[in-house]
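Contents: one structure, followed by commentary.
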Amino acid sequence: MVELAIIGAGPAGMAAAALADELGLETVLIDEQGSPGGQIYRAIERVEPGTPLGSDYLAGRPLVAALRASRVDYRPGTTLWHVDSEGALFLETAGRAETVTARRILLATGAIERPVPIPGWTLPGVMTAGASQVLLKSAGLVPEGRVVLAGQGPLLYLVAAQLAHAGAPPIALFETAPFENYLAAVRPLAGLWAGHRLLIKGLGLISAVKRAGVRIRRGVRGLRAVGRRRLERVAWEDGELVADYLLLHEGIIPNVQVSLALQLRHEWDEAQLCWRPCLDAWGQTSLPNIAVAGDGGGILGAEAAVLSGRLTALDAAMWLGHIGAAERDRRAAPIRASLDREQAFRPFLDRLYRPSRSVLVPAEDEVIACRCEEVSVGRVRRAMRLGAQGPNQLKAFTRCGMGPCQGRICGPVVAAIAADVLGKPIAEIGTYRPRAPFKPITVGALADLETPDFSSKPGSL
């Protein structure tokens, strides 16, 4: 048995692991990727000088260096496919399964991109902006041909600037943020000043995209991907543009698959339009031995994720008897001050980039809601009218959420459609209850388990 098991080697997980090791905790760090960094610092150890990814990306280097210099049992290429509420973690590495038991578990699972179910979003050539960034980070690949970015959020301009720096500037960037979002965002001026550095950085990205010759169109409505066998054109209410690739982005939401499977208490975040686990000031969840750090507990950004990871490490050290409460609080004070500064600007971003209703609830029945099972929006609506009361009943009616992604992609879409049909808030409708295995695992890997424990407890199979 280890003292602390951390799931996810992104900013929060790496920061927590390094500090936990410094405080004397026996720590294991589990991550699916082959190297540390998470999504935001993916492949940071292989980056070449003069990378088009920019200085924010390079900020991940010290985190990785601290992890590598620690005694943490770092396990790359390892998938968590089940976790028991009492601390048993079921893992798979290179086709072999094993279990690890931990006295305390930290979920640092990060965020996923919000699905953008527009007409034609399943066509080859249509992907998320984050997916194109993964290709750039991991393999130095850029799309060949005419690229259009569409949606809203800081990542949209960041990816456009990175592609331009890499020699593949997009031909256009379409912003979908409604005009009323701008009015709502600028009303509380205090938040603007608190985050003026981030605001200046954002304006710098917009300026860089313009200098690269990228056409920017704001207030775009009725976005559609058009083509027969692959993307041919990007269309909107009053025009269309020939394109080879369409990169979509409407913000990110917490990756709550594991926390939902553990039946931790969650709440609907109306500001960010997503579910997130209920946490105290130390990242503690409704189960006493499980904490959450980083964007998996609510979207705050990479720097805030690092700070929240360190706070949870301090609390774990106290919880496990390595330091006292006074020492924990003393060391946490400057971390909290920095975290408060990072959080001050978040409400501005949440208001500015709040997705419109058309993003959450597609109007067209023919749009695919569940990509894995190829279930359309119309089928979801019909199932709700036939008596389904929410996402989990829809599984029986339509198989939505029963494919390889286990509802990670379609969950937000299906819940929003169900709420719309029933005339109820999403908070009342709920979301999927994930079940193990969280990720696909072979029967051969399962056979490696000597004593699998599938007890009938919360969070068990």
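The values are calculated or read from the model by the stated rules, or taken from the named source; none is laboratory data. Note that this is a predicted model, so its numbers are computed, not measured. FYI the Cβ positions are ideal-geometry reconstructions off the backbone, even for glycines, and counts take in every protein chain you see. These area figures cover heavy atoms from the full protein model, side chains too; ligands, DNA and RNA do not enter into them. Shrake-Rupley method; radii C 1.70, N 1.55, O 1.52, S 1.80 Å.
Values for this structure:
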read-out	value
Pick from segment 302-318, criterion open to solvent by 40 Å² or more (accessible area, probe 1.4 Å) and closer than 30 Å to residue 112 by Cα, ranking: modelled with the highest pLDDT	310
Candidate set from segment 93-124 (those that are assigned to a strand (DSSP E or B) and open to solvent by 40 Å² or more (accessible area, probe 1.4 Å)); member that is nearest to residue 359 (Cα to Cα)	113
Filtered residue count, segment 81-91, keeping only those that are touching an Asp or Glu at 6+ places or on another chain (Cβ under 8 Å) and open to solvent by 10 Å² or more (accessible area, probe 1.4 Å)	1
Residue match in segment 51-67 (condition: part of a helix (DSSP H, G or I), crowded, with 17+ Cβ neighbours inside 10 Å, touching a Ser or Thr at 6+ places or on another chain (Cβ under 9 Å) and at negative phi)	yes
Enumeration of residues in segment 339-371 that are under 16 Å from residue 301 (Cβ atoms) and either basic (Lys, Arg) or loosely packed, with under 15 Cβ neighbours inside 10 Å (or both)	340, 341, 346, 351
Residues of segment 282-308 classified as part of a loop (DSSP other than H, G, I, E, B), of a type in the set (A, V, I, L, M, F, W, C) and under 18 Å from residue 20 (Cβ atoms), total	2
Counted residues, segment 17-27 - those being crowded, with 21+ Cβ neighbours inside 10 Å and within 26 Å of residue 94 (Cα to Cα)	3
Odd one out for residue 147, checked against (1) in contact (Cβ under 8 Å) with a residue 60 or more places away in the chain; (2) open to solvent by 30 Å² or more (accessible area, probe 1.4 Å); (3) over 30 Å from residue 16 (Cβ atoms)	(2)
Index of the failed condition, residue 263 passing every other in (1) in contact with a Phe, Trp or Tyr (Cβ under 6 Å, 6 or more places away or on another chain); (2) at positive phi; (3) of a type outside the set (Val, Ile, Thr)	(1)
Qualifying positions in segment 420-434 - on the phi < 0 side of the Ramachandran plot and surrounded by 12 or more Cβ atoms within 10 Å (Cβ to Cβ)	420, 421, 422, 424, 426, 427, 429, 431, 432, 433, 434
Test: residue in segment 277-300 that is closer than 22 Å to residue 89 by Cα, among the aliphatic types (A, V, I, L, M), open to solvent by 20 Å² or more (accessible area, probe 1.4 Å) and modelled with pLDDT of 95 or more	yes
Subset of segment 212-251 [within 25 Å of the chain's Cα centre (by Cα), hydrophobic (A, V, I, L, M, F, W, C) and either in a loop (DSSP other than H, G, I, E, B) or within 30 Å of residue 86 (Cα to Cα) (or both)]	220, 223
Residues that are small (Gly, Ala, Ser) and open to solvent by 10 Å² or more (accessible area, probe 1.4 Å), drawn from segment 388-402	396
Segment 137-147: number of residues that are outside any loop (DSSP other than H, G, I, E, B) and at pLDDT below 95	3
Residue count, segment 279-304 (criterion: among the polar types (S, T, N, Q) and touching a Pro at 6+ places or on another chain (Cβ under 9 Å))	2
Residue identified as surrounded by fewer than 17 Cβ atoms within 10 Å (Cβ to Cβ), more than 30 Å from residue 289 (Cβ to Cβ) and among the aliphatic types (A, V, I, L, M) among 209, 242, 220	242
